[in-house]
Amino acid sequence: HERIMDAHLAPYYGQGWHQRGVIVVLHDITEIRRLEKMRSDFVANVSHELKTPVTSVRGFSETLMSGEVTDEETTKQFLKIIHDESQRLDRLIRDLLNLSKIERQKMPLNLETLNMTALVHEVSVTLQGAVEEKRTRLVLPDPSKDVYLQGDEDRLRQIILNLVGNGINYTAEGGTVTVSLKENVEKVRLIIKDDGIGIPEESLPRIFERFYRVDRARSRHSGGTGLGLAIVKHLIESHHGEIEVESREGEGTTFTVTLPKKQEDK
């Protein structure tokens with residue numbers, strides 16, 4: 001592992017001001033430099049992500065305002081692009097604000113006892129449009145088997161929505177996404193498995209980083225902001241839980257979320 005050291009050297013003297021040697025003080029600034037780089041990368045990424053939709057909105061709106069577009073079909077096409085890009089901007093800004101609040105722990109948990117089975121089925125209704133469009137087979141937990149835990153409904157809903165949505169987006173037409181729940185005395189495991197494009201091994205350690213994309217073109221086309229998994233990780237950690245990922249390129253991906261059944265002050 002790379003280490004970055006800040007070295008300070010000064011002579012020291014004996015009697016008669018004869019130089020006896022050198023005092024060396026080393027400060028390990030690896031973590032400081034790493035954080036500085038993360039901040040620099042974050043600013044660069046935000047600027048880049050904002051620039052793309054802003055350029056599109058500006059370009060197409062200027063074309064419409066110039067009066068050069070006369071046919072109604074082209075006008076509607078340009079307006080749709082402006083609408084889609086403005087929605088993408090809205091998603092990006094909302095995700096940035098949510099991530100900032102979560103990281104600063106400004107969003108306290110609204111705890112209640114929840115039936116995870118029912119919650120998964122409720123979220124699946126929201127995703128029905130994407131399921132039908134991709135002709136995906138979405139396999140859900142047995143609705144008759146209740147699995148209870150203590151948590152914040154909105155945050156858990158966001159976790160499920162993001163992970164299952166990702167499974168649908170990155171699975172080829174006609175593929176399968178399976179959502180299952182397992183429990184023991186203390187914990188509940190939410191498992192989302194797909195048979196999609198998978199994630200390259202070298203990318204696995206980085207997928208929870210802000211704005212990291214395995215396939216930039218594919219992620220943008222799917223409407224992603226590059227912040228979804230970073231938000232998911234923080235939401236899970238706010239519940240004192242863990243998330244793990246297993247994937248093979250071309251074979252599919254499995255996300256496993258482990259959550260405690262009871263939330264205690266830690």
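Just a few scattered comments:
- In the set LEU109, LEU99, only one residue is out of contact with any strand residue (DSSP E or B) (no Cβ under 9 Å at 6 or more places or on another chain) and aliphatic (A, V, I, L, M); that residue is LEU99.
- Residue tally, condition open to solvent by less than 20 Å² (accessible area, probe 1.4 Å) and within 22 Å of the chain's Cα centre (by Cα), over the range 107-126: 5
- Qualifying residue in the range 83-102 (condition: surrounded by 12 or more Cβ atoms within 10 Å (Cβ to Cβ), free of Cβ contacts under 8 Å to residues at least 60 places away in the same chain, under 30 Å from LYS262 (Cα atoms) and under 23 Å from the mean Cα position of the chain (by Cα)): yes
- Residues being more than 15 Å from LEU114 (Cα to Cα), crowded, with 17+ Cβ neighbours inside 10 Å and aliphatic (A, V, I, L, M) - total across the range 178-206: 5
- Test: residue in the range 165-177 that is open to solvent by less than 70 Å² (accessible area, probe 1.4 Å), part of a strand (DSSP E or B) and either out of contact with any His (no Cβ under 7 Å at 6 or more places or on another chain) or at pLDDT 85 or above (or both): yes
- Among the candidates THR30, THR52, THR75, THR63, residue that is modelled with pLDDT of 85 or more, under 22 Å from ARG210 (Cβ atoms) and either in contact with an Asp or Glu (Cβ under 8 Å, 6 or more places away or on another chain) or surrounded by 11 or more Cβ atoms within 10 Å (Cβ to Cβ) (or both): THR30
- Residue check, VAL139 open to solvent by less than 80 Å² (accessible area, probe 1.4 Å), of a type outside the set (Lys, Arg) and touching a Phe, Trp or Tyr at 6+ places or on another chain (Cβ under 9 Å): no
- Some residue of the range 7-22 being touching a residue at least 24 places away in the same chain (Cβ under 8 Å) and surrounded by 10 or more Cβ atoms within 10 Å (Cβ to Cβ): no
- Within the range 144-157, the set of residues being assigned to a helix (DSSP H, G or I) and among the charged types (D, E, K, R) comprises GLU153, ASP154, ARG155, ARG157.
- Test: residue in the range 146-158 that is open to solvent by 80 Å² or more (accessible area, probe 1.4 Å) and free of Cβ contacts under 8 Å to residues at least 60 places away in the same chain: yes
- Residues of the range 219-228 satisfying the condition of being open to solvent by 30 Å² or more (accessible area, probe 1.4 Å) and either under 22 Å from THR178 (Cβ atoms) or modelled with pLDDT of 90 or more (or both): SER222
The values are calculated or read from the model by the stated rules, or taken from the named source; none is laboratory data. Please read these numbers as outputs of a predicted model, since none were measured by experiment. Using ideal geometry, Cβ is built from the backbone for each residue, glycine included, and neighbour counts are taken over all protein chains shown. What goes into the accessible areas is simple: the full protein's heavy atoms, side chains included, and nothing from ligands, DNA or RNA. Shrake-Rupley method; radii C 1.70, N 1.55, O 1.52, S 1.80 Å.
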